Every structure is written in C-alpha cells, then in structure tokens.
Amino acid sequence: MNNTFISFLAECKKFFRSKVPLVTMLAVIIIPFIGGFFMLILKDPKLAQRMGIISAKAQIMGTADWPSYLGLLAQAVSIGGLIIFGFVASWIFGREYSDRTIKDLLALPISRSSIVMSKFLLVFVWCVILSAFVFVLGLVVGDVVDIPGKGEGILQEGLTVFVVCSLLTILLSTPVALFASIGRGYLSPFGFMIFTVVLAQIVAAAGYGHLFPWSVPALASGAAGSDAAVLETASVIIVLITSMFGLIGTMLWWRYADQN
C-alpha cells in the first residue's frame, strides 16, 4: 500500500504538470452553460421563436424547470463523460508509451501492480473531481438563470441520479486504459472510445441498451425517456464486470505482455 501511495503521488505530479487537467476542466465547463442556455430559451418564448432550430432542440430537453435541467446534466456526463473520462485514462496510461518512459517506469523498484493501481486511482479521483465540478457549477448556473421549481427533494433526487451516472461512466474508463496499453499510445483508445459511443446509441435505439455497458449510464440518466431510466440490477452487474475486465486486463498486460 505504501508503494502504491508513493506511485500515486508521482503520477499526480506528472499529471498536474501536463495540460490535461486544464483541458478536461475547460471541456466540462461547457456542460452547465449549455444546459443553462437551453433553459433560458425555454423560459422566454419570444427568444425561443427567434432562435429557430435551437429552440426545437431545446424542446427535446423538456420544460424550463430544475428536474429537466438536472436530468440534462446527468445525460451530458453520461454521454460526454465516456469521451472526457476516457481521454483522462488514455493519457495517463498511453503517455508512458508515447513519451517512451515505459521502460524507465517498469525498472523502478515498485511492483507493476502498484503502478497500475496508482494510475487507476488517479483516473478515479480526477474524474470524480470533474463530475463534482460540473454539478456545483450547474447549481450556480441554474440559480443565475433563475430556473423555476427548485426544491430540496428535487435537488437530492437530481444529485442521486447524477452521482450514479457519473460513477457508472467512470467505471467504464478501465477498458480504455487496457486499449491504451495494448495499443501503446493514444490512437487505439481514441478509436475505441468513438466506437463505443456510436455503438451505444445504436444498441440503445434497438432496445438492448440495458445489456450494453456503454449504454447503461445514458439510460440511467433518462436520455431515452423516464420509463427507461429505471436502472436494472443486471445492467449494473454488466458495467461492473466490464470495469473489472479492464482493470484486471490492464494489470495482466503490464505484468506479462512482452515486458520481461
């Protein structure tokens, strides 16, 4: 455990000296502002009429109230998080190959399992920070826009759904790390992320989203309607199995794959 903590501190130092924290923070900042913009359009019929097609897209989000707004935040982190959180995982694992520091890293007197666990811990911590930032900023934007229908029960329910969707999405970042390790860089995980996001939409539209792990967070957020937002136990188990496969697979790859 001590070696894992030491490795985690080293990973944090490398991570926060890069531009990835700034880039990902700027990326998630867009989410609450887009949601607030749509709510502002829905609140003002005259403005909505002038906005034309943007108004039509805003209508899909529902009415200008807090349940719709919080649901939009949950949907955004479920779908956009697959890319943003996956980008974090791909950089943390792929950079060692792209920068050609993998041999130096594996030569350190720290077990490879500790190195991999420290990297996954950093992915989890930073993605949780990003998710919390989105929700807190979302509350501020919602108050500025003066969205009606705010209440303690509504906020608590919205927070619960947001946390569940965020955790499910974060768990799905482990296979990205595996592809970054197998592909020895950034290209393979990026292709994998795009493929899973597109396939998740197709599978969900076909009615089998509850069986496809990358569709589960979006379904839990209510992206397919309130009737489909009921999270099934089997769906959670599928996400957990997928996450464990990525975690164990990455550890085994770093331990055994042509790195003797």
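The values are calculated or read from the model by the stated rules, or taken from the named source; none is laboratory data. Keep in mind the model is a prediction, meaning the values are calculated, not measured. Note: ideal-geometry Cβ built from the backbone for every residue, glycine included; neighbour counts use all protein chains shown.
Go through segment 210-232 residue by residue and tally those that are modelled with pLDDT under 85, over 22 Å from Tyr69 (Cβ atoms) and part of a helix (DSSP H, G or I). Summing the residues that are modelled with pLDDT under 85, over 22 Å from Tyr69 (Cβ atoms) and part of a helix (DSSP H, G or I) in segment 210-232 gives 0. With respect to the conditions (1) surrounded by 16 or more Cβ atoms within 10 Å (Cβ to Cβ); (2) part of a helix (DSSP H, G or I); (3) at pLDDT below 90, Gln49 lacks only one, and its number is (1).
Against the conditions (1) closer than 24 Å to Trp91 by Cβ; (2) surrounded by fewer than 19 Cβ atoms within 10 Å (Cβ to Cβ); (3) over 16 Å from the mean Cα position of the chain (by Cα), Glu152 satisfies every one except (1). Of all residues in segment 1-28, those that are assigned to a helix (DSSP H, G or I) have Cβ atoms under 7 Å from Cβ atoms of residues that are surrounded by 14 or more Cβ atoms within 10 Å (Cβ to Cβ) and among the basic types (Lys, Arg), 6 or more apart or on another chain, in Glu11/Lys119.
With respect to being under 18 Å from Pro32 (Cβ atoms) and of a type in the set (Ser, Thr, Tyr), Ser78 fits the description.
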